[in-house]
Amino acid sequence: MQDRIYNFAAGPSTLPLEVLQEIQQEMLNYDGSGMSVMEMSHRSKMYLNVFEETKNTLRRVMNIPENYEILFLHGGATGQFSMVPLNLGKTGKADYIVTGNFAKKAAQEAAKFIDVNIAYDGKANNFTLIPKQEELNLSVDADYVHICANNTIYGTEWRDYPETGDIPLVADMSSDILSKPVDVSKFGLIYAGAQKNMGIAGLAVVIARQDLLESHRDNIPVLMEYNTMVKNDSMYNTPATFSIYVLGKVVKWIESLGGLKAMEERNRRKAALLYDYLDNSTFYRALADKSARSLMNVTFRTPSEELDALFVKQSSAAGLSNLKGHRVAGGLRASIYNAMSYEGVKALVDFMKEFEKENG
Ligand SMILES: *Cc1c(COP(=O)(O)O)cnc(C)c1O
C-alpha cells in the first residue's frame, strides 16, 4: 500500500486497512446479494443480519451486560449532548464535570433543558488535568453525573472514573471507546460518535442501562427519545446502515486481534513510544499532565508557533498528515486511535527527531 499515508486526524480518522479492503471487496456485491450494503433495505433479512451481528459483536467485545441496550442513533456525539438531559434529567438537575471543550459543550447544551451544576471546571489548569474524587463538587440529588472520558482536544483521559454511588454516571467516550477494557456496569449510559475509534461518521452508539430509558415526559422530539429507539430497535426511521456495517467490521477486527485487552496493550506501547520521546526532548513539550495523559490523543508543542506551523507543513509533505492541534488548544496533536499502527507512530517519532535536529 505504497500510496497510503499515516493519518493522525482526530476524526474522522484512519481505519484499519484490513477493514477497508473487506469493504472494497464487498462493495459491489455483498455476500451474493448482487448489491452493495448501501443499496439494501434496512428491513431486509440480509441487512438485519448485518445489524444484529454488529450489535452482538460489540456486546461481546465490550462485555456489555444483558440489562444494557445498544442503540444506533443519528446526530453524532453532539446529538447526545441534548438527548441525555432530555431523557435522563428526570427531576431536572445534573452534575457536569468539565475537563475540556466537549465536556463544556455538553454542559452548555444540557443547561437549555435542566439545571446544571458544574461539579468541576478544569479551565484554571488549561484542561491539562483530570480531577481527583475530592476535587469534585457533586450534588446529592443529581439525576446523573456527566463526564467526557477522553478529552480529544486537550489530550487528557480519565483512568479511574469518579465514584457517584447510586447516581448514574454518563460518559462521552467518543474518542476512547474500544481502546481498552471498560467495566460497562459502572455506567448508566455511555455514548460515542463512531468516526473516531469505531468506524465512520453518521452514527452515534449509545450503551445504556435499560431502566434509565423509560420516558418521563411526552414532548421529546421523536428521534431524540431513547424509549422510541429501544421500542423500535434503533429503526424508528432508517438508521445509518453503512456506518453500522462498518462498525461491525471494526469490532470483528478488534476481536481478531485479541479483543480490548490486546488493544490496550497495543495502545500503551504506541503511546509510550511517543510520550517517552517527548519527555526526553528539550525541544518538544507534552501538554497534558503526566497523571492525565490520553492514550488516544497526544498533544504537544515545539518551542514556537512558527515552528509548530513548519512542523505541520513538513510532516504533511512527509506523509504524516493532520498533526495540527485543534484551534482552541493550538500546538500539535497526534491522534493515535486503535487503527494507527506502531509503525505509524514510529514514523512520526523518526520525523520528530529529524525536525528537532534541523530546528533545535
Ligand atoms: C468528536 C467528539 C465529539 C463531537 O462528535 P460529533 O459526532 O461530531 O458530534 C464529542 N465528544 C467528543 C469527546 C469528541 O471527541
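The values are calculated or read from the model by the stated rules, or taken from the named source; none is laboratory data. Worth saying up front: this structure is predicted, and the values here are computed from it rather than measured. Counting neighbours? That spans all protein chains shown, and the Cβs are built from the backbone with ideal geometry, glycine included. In case anyone asks, the SASA skips ligands and DNA or RNA and just uses the protein heavy atoms, side chains included. Shrake-Rupley method; radii C 1.70, N 1.55, O 1.52, S 1.80 Å.
May I ask which residue of TYR275, SER256, TYR245 lies farthest towards the positive end of the charge dipole of region 243-284, with charges of +1 (Lys, Arg) and -1 (Asp, Glu) on Cβ and the Cα centre as origin?
The listed residue farthest towards the positive side: TYR245.
Using all alpha carbons of region 109-260, what is the percent of pairwise distances in each 10 Å bin, ordered from the shortest bin to the longest?
Once binned at 10 Å, the Cα pair distances of region 109-260 give 9, 33, 37, 18, 2.
Of all the Cα-Cα pairs you can form in region 1-150, what percent are over 17 Å apart? Intermediate values should be presented prior to the final figure.
On the way: 8326 of 11175 pairs.
Roughly 75 percent, once rounded to a whole number.
Could you tell me which of the pairs LYS180/LYS353; LYS55/LYS123; LYS186/LYS252 are separated by over 26 angstrom between their Cα atoms in the structure shown?
From the list (LYS180/LYS353; LYS55/LYS123; LYS186/LYS252), the Cα-Cα distance tops 26 Å for LYS180/LYS353; LYS55/LYS123.
Over the Cα atoms of region 1-44, what Rg and Dmax result, in angstrom?
13.9, 40
Could you tell me how far the Cα centroid of region 112-177 sits from the Cα centroid of region 25-50, in Å?
When both Cα centres are located, 40 Å separates them.
How much length, in nm to one decimal, is gained on full extension between GLN24 and ARG4, taken as 0.36 nm per residue of separation minus their Cα-Cα distance?
5.7 nm
Using a 1.4 Å probe, how large is the accessible area of VAL349, given in Å² and rounded to the nearest 10?
10 Å²
Express in % the proportion of alpha carbon pairs of region 43-98 at distances exceeding 15 Å.
66 percent
With +1 on each Lys and Arg Cβ and -1 on each Asp and Glu Cβ, how big is the dipole of region 172-302 about its Cα centre, in debye rounded to the nearest 20?
560 debye
Residues with beta-carbon under 14 Å from that of ARG43, excluding ARG43: net charge, scoring Lys, Arg +1 and Asp, Glu -1?
-2
Enter the accessible area per residue of the chain (Å², integer; probe 1.4 Å; all protein chains in place).
Per residue, the chain has 44 Å² of solvent-accessible surface.
Over region 112-227, calculate the relative contact order: mean separation of alpha carbon pairs under 8 Å at least 6 apart, over the residue count, as a percent.
Numbers: 145 pairs, mean separation 18.5, N = 116.
It rounds to 16 percent for region 112-227.
Give me the percent relative contact order of the chain, please, defined on Cα pairs under 8 angstrom at least 6 residues apart.
Relative CO of the chain lands at 23 percent.
Under a straight-distance cross-link criterion of Cα-Cα below 16 Å, which aspartates and glutamates are reachable from LYS104, leaving out those fewer than 8 residues away in the same chain?
List returned: ASP95, ASP115, ASP121, GLU157, ASP172.
What is the spread of the Cα atoms of region 113-175 along each of their three principal axes, largest first, in whole Å?
Each principal axis gives a Cα extent; for region 113-175 these are 31, 26, 24 Å.
Aspartates and glutamates near LYS270 by alpha-carbon distance under 13 Å, same-chain residues fewer than 8 away left out - which ones?
Candidates past the 8-residue exclusion: GLU343.
Output the DSSP H helices from the chain with an along-axis C-alpha extent of no less than 15 Å and a mean Kyte-Doolittle hydropathy no less than -0.5.
Helices meeting the criterion: 76-88, 241-256, 305-317.
Using a simple spin-label model with points 7 Å from Cα along the Cα→Cβ vector, what separation in nm is obtained for LYS90 and VAL184?
Those two pseudo-labels are separated by 2.1 nm.
Hey, if we sort THR238, THR152 by accessible area with the 1.4 Å probe, largest down, what's the order?
Largest accessible area first, the list is THR238, THR152.
At a 1.4 Å probe radius, carbon and sulfur cover how many percent of the accessible area of the chain?
48 percent
Could you order HIS146, HIS74, HIS42 by accessible surface area, starting with the largest, using a probe radius of 1.4 Å?
The ranking, largest first, comes out as HIS74, HIS42, HIS146.
Could you calculate the contour length gain from SER304 to ARG43, that is, 0.36 nm times the residue separation minus the distance between their Cα atoms, to one decimal place in nm? Walk me through the intermediate numbers first.
On the way: separation 261, 0.36 × 261 = 93.96 nm, distance 5.52 nm.
88.4 nm is the gain from fully extending SER304 to ARG43.
With no solvent and one equal point scatterer placed on each C-alpha of region 223-270, evaluate the Debye formula and give log10 I(q)/I(0) for q = 0.16, 0.21 Å⁻¹, two decimals.
Calculated log10 I(q)/I(0) at the listed q: -0.64, -0.76.
Over all directions, what mean area does the Cα convex hull of the chain project, stated in square nanometres?
18.1 nm²
Arrange the peptides 170-180, 23-33 so that the one whose residues have, on average, the most other Cβ atoms within 10 Å appears first.
Output ranking for 170-180, 23-33: 170-180, 23-33.
Mind giving me the FRET efficiency for ASP276 and SER256? R0 is 35 Å, r the Cβ-Cβ distance, nearest 0.05 is fine.
Taking R0 as 35 Å, the efficiency between ASP276 and SER256 is 0.75.
Work out the length of the dipole vector of the chain about its Cα centre, built from +1 on the beta-carbon of each Lys and Arg and -1 on the beta-carbon of each Asp and Glu, and round it to the nearest 20 debye.
Values: 38 positive and 44 negative charges, 101 e Å.
Result for the chain is approximately 480 debye, rounded to the nearest 20.
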